1. Kindly evaluate Gln38 against the criterion of being in contact (Cβ under 8 Å) with a residue 60 or more places away in the chain and in a loop (DSSP other than H, G, I, E, B).
2. From Ala141, Ala134, Ala145, which residue is of a type in the set (Gly, Ala, Ser), outside any loop (DSSP other than H, G, I, E, B) and modelled with pLDDT of 85 or more?
3. When Phe105 is evaluated against the numbered criteria (1) buried (at least 16 other Cβ atoms within 10 Å of the Cβ); (2) outside any loop (DSSP other than H, G, I, E, B); (3) out of contact with any helix residue (DSSP H, G or I) (no Cβ under 7 Å at 6 or more places or on another chain), which criterion, by number, is the only one it fails?
4. Identify the single condition in (1) assigned by TED's automatic domain parsing to the domain that holds Met126; (2) over 36 Å from the mean Cα position of the chain (by Cα); (3) outside any helix (DSSP H, G or I) that Cys31 does not satisfy, given that it satisfies every other one.
5. Could you list, in sequence order, the residues of region 108-131 that are part of a helix (DSSP H, G or I) and small (Gly, Ala, Ser)?
6. Hey, among Leu52, Leu100, Leu23, Leu67, which residue is without any contact (Cβ under 8 Å) to a residue 40 or more places away in the chain, among the aliphatic types (A, V, I, L, M) and not in a helix (DSSP H, G or I)?
Amino acid sequence: MLLIQFYIEKVEDRTASLAAGRLIYKDEDRCRIMIPGQREDIREHILDKERLDVWRASTDPQHRDFLKQYELWKEGREIPVEGTPLEVSTFLSPAQIENLKAPPFGIRTVEHLAQMSDAQLMGIPMGMGLRDQAKRFVEAATGPAAVAAQLSDQANVISTQQAQIAQLQEQIAGLLKGGGAPGQMVPAAPAVPTGIMPTDDDDDIGSPAPGAIPADPSKVKRRPAEDEDDDAGARYAAQGGRRVGARGRG
């Protein structure tokens, strides 16, 4: 697998320099194409329109990948890593990670390190030992034990979700039956009014409120003026029809 590294080189713009009478520089996109582990085989190319058009027209997957990485680099985004980044590993020190990522190795993932050949590891200190650790790391992450652990975690998540769904269904069934939610008090029915609601200021007793139970007249508490009228009527009868009362004399 070939590796590619993009960079910008400052070069003289000869035409602009001759026109201006002084040195004029411009930025030029370039790339290094490397074979991992082979320091003597590094090829540098100017990324002009002609080379980019060749990559666009090519059916070679390697060229298509180069073009994708170049476009991401131009947009200022990091080239995506396919696999486990070296930074995630537990057996590499920060210095080892930087050495593996630097040219001419260009190793960016644990999977890539695990697949390196003996020849490609020649320039890496303790390279074969690091490769063996990378293989064990990948096996631990993708082996039968790891798959069984993932399946167990998924089963626990599904079981918890099913229990939550069953609880929600039980609560909804209780609400539909009119019993309210579990532990919720049902409000009592409103009391039926039994009192008397006056209709206006001139009514002595008043009219029953709508839907009220009529009160017993004998138990209705009278006002003082009503008692005076009753006494006056009794005196009127006793005096031969002459009415004497608090509301006038007859």
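1. Judged against the criteria, Gln38 is a match.
2. Working: Ala141 fails: modelled with pLDDT of 85 or more; Ala145 fails: modelled with pLDDT of 85 or more.
Every option except Ala134 fails the conditions.
3. It fails just one condition, (2).
4. (1)
5. Ala114, Gly127, Gly129
6. Leu23
Residue-by-condition table, conditions (1) under 16 Å from Pro36 (Cα atoms); (2) exposed (fewer than 15 other Cβ atoms within 10 Å of the Cβ); (3) assigned by TED's automatic domain parsing to the domain that holds Arg32; (4) at pLDDT 85 or above:
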| site | (1), (2), (3), (4) |
| --- | --- |
| Phe91 | no, yes, no, yes |
| Leu100 | yes, no, no, yes |
| Gln150 | no, yes, no, no |
| Ile158 | no, yes, no, no |
| Ala163 | no, yes, no, no |
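The values are calculated or read from the model by the stated rules, or taken from the named source; none is laboratory data. Here the structure is a predicted model, which means the values were calculated and not measured. Note that we place each Cβ from the backbone using ideal geometry, even for glycine, and neighbour counts take in every protein chain shown.
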